[in-house]
1. Would you confirm whether or not segment 108-125 contains a residue that is among the acidic types (Asp, Glu), part of a helix (DSSP H, G or I) and loosely packed, with under 13 Cβ neighbours inside 10 Å?
2. Applying the selection to segment 1-38, what residues are surrounded by fewer than 19 Cβ atoms within 10 Å (Cβ to Cβ), modelled with pLDDT of 90 or more and part of a strand (DSSP E or B)?
3. Among the residues that make up segment 54-72, is at least one of them touching a strand residue (DSSP E or B) at 6+ places or on another chain (Cβ under 9 Å), in a helix (DSSP H, G or I), free of Cβ contacts under 8 Å to residues at least 60 places away in the same chain and within 18 Å of Asp145 (Cα to Cα)?
4. Which residue is modelled with the lowest pLDDT, if the candidates are limited to segment 39-55 and must be among the aliphatic types (A, V, I, L, M), out of contact with any His (no Cβ under 8 Å at 6 or more places or on another chain) and surrounded by 17 or more Cβ atoms within 10 Å (Cβ to Cβ)?
5. Check off (1) in contact (Cβ under 8 Å) with a residue 60 or more places away in the chain; (2) in a loop (DSSP other than H, G, I, E, B) for Leu130 and give me the number that stays unchecked.
6. Among the numbered criteria (1) of a type outside the set (Ser, Thr, Tyr); (2) in a helix (DSSP H, G or I); (3) surrounded by 15 or more Cβ atoms within 10 Å (Cβ to Cβ), which one does Asp78 miss?
7. Which count do you get for residues in segment 142-163 that are without any contact (Cβ under 8 Å) to a residue 60 or more places away in the chain and either surrounded by fewer than 15 Cβ atoms within 10 Å (Cβ to Cβ) or not in a strand (DSSP E or B) (or both)?
8. Report whether or not Glu100 is acidic (Asp, Glu), surrounded by fewer than 17 Cβ atoms within 10 Å (Cβ to Cβ) and either part of a strand (DSSP E or B) or in contact with a helix residue (DSSP H, G or I) (Cβ under 9 Å, 6 or more places away or on another chain) (or both).
Amino acid sequence: MEHAVIFGETRSFAIRCAKNTLALPRELDNYCHWLLGDKLIGDPQEPCYLPIWLAALGNFKQFRLPQILSFKPTVTDDMVAAIFTIMQRDSEVEVEWPEELENVWAKHRLGLDETQDAWLVMAHREGLGLRFTWMGWREPCPTDDIGKIFSCWASTSLVIESINKCFRYYKVDF
C-alpha cells in the first residue's frame, strides 16, 4: 500500500485514501476511509470498490448532508445512546422502535459502503457544523471500541472541502 493521503483534519473530519501497490485494476486498488475524532472508521486492510465508494461520497455531499443540515428536531445524547442500544440488540429479533428514534436514525445515519459496516455512524447539525457520533458495532472494528460511543464536531465547510479534495485527487466531478 502506498503512503496514505489525508484530506481534512483527522481530529474532526478527514478522508484517508491509499492506493495499493499490487497490480490490480484501478477500481479495486484503493483504501478509502473516513477519519472521525482521530479514529479510522472501517478496516484499514479492506479495500473499497472505488466507483461505488466515490458515488456514495457524492450522494452524501449532494443529498444526505443538505438533509441532515435541514432536519429541525434536536438530537440529544440520550437519543443517540438509545438508538445505539437498540442497534446492538440481536438482529434476528424484531425490535420495536419508538417512532421518534426511528425517524432520527433514518435521517441521520451514515454509511458509505461495506468498508464502514462495522461502525454505526450518525451526524446532526450543531451550530455551523456537524456533530458526528459513532459506535463500534462488531468486528472488524477494534475490540476495545465495540459498544463505545464516540463523538466529534466538524465545520460544514471542512467536510465539504475534504470531500471536494478527495474528488479532485481521483479526478471525479460531483
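1. Within segment 108-125, the first condition is being among the acidic types (Asp, Glu), and the residues that meet it are 113-114, 117.
Okay, now just the ones that are also part of a helix (DSSP H, G or I), so 114.
If we keep only those that are loosely packed, with under 13 Cβ neighbours inside 10 Å too, we end up with none.
Checking segment 108-125: not a single residue is among the acidic types (Asp, Glu), part of a helix (DSSP H, G or I) and loosely packed, with under 13 Cβ neighbours inside 10 Å.
2. Val5, Ile6, Glu9 - these are the residues of segment 1-38 that are surrounded by fewer than 19 Cβ atoms within 10 Å (Cβ to Cβ), modelled with pLDDT of 90 or more and part of a strand (DSSP E or B).
3. no
4. Step one: of segment 39-55, the residues among the aliphatic types (A, V, I, L, M) are 40-41, 50, 52, 54-55.
Now drop any that are not out of contact with any His (no Cβ under 8 Å at 6 or more places or on another chain), which leaves 50, 52, 54-55.
Cutting the leftovers down to surrounded by 17 or more Cβ atoms within 10 Å (Cβ to Cβ) gives us 50, 54.
Values: Leu50: 85, Leu54: 91.
Among residues in segment 39-55 that are among the aliphatic types (A, V, I, L, M), out of contact with any His (no Cβ under 8 Å at 6 or more places or on another chain) and surrounded by 17 or more Cβ atoms within 10 Å (Cβ to Cβ), the one modelled with the lowest pLDDT is Leu50.
5. Among (1) in contact (Cβ under 8 Å) with a residue 60 or more places away in the chain; (2) in a loop (DSSP other than H, G, I, E, B), the lone unmet condition for Leu130 is (2).
6. (3)
7. The qualifying residues number 6.
8. Values: acidic (Asp, Glu): yes; surrounded by fewer than 17 Cβ atoms within 10 Å (Cβ to Cβ): yes; either part of a strand (DSSP E or B) or in contact with a helix residue (DSSP H, G or I) (Cβ under 9 Å, 6 or more places away or on another chain) (or both): yes.
It is true that Glu100 is acidic (Asp, Glu), surrounded by fewer than 17 Cβ atoms within 10 Å (Cβ to Cβ) and either part of a strand (DSSP E or B) or in contact with a helix residue (DSSP H, G or I) (Cβ under 9 Å, 6 or more places away or on another chain) (or both).
The values are calculated or read from the model by the stated rules, or taken from the named source; none is laboratory data. These numbers were taken from a predicted model, which means no experiment stands behind them. All Cβ positions, even for glycine, are placed from backbone atoms using ideal geometry, and neighbour counts span all protein chains on display.
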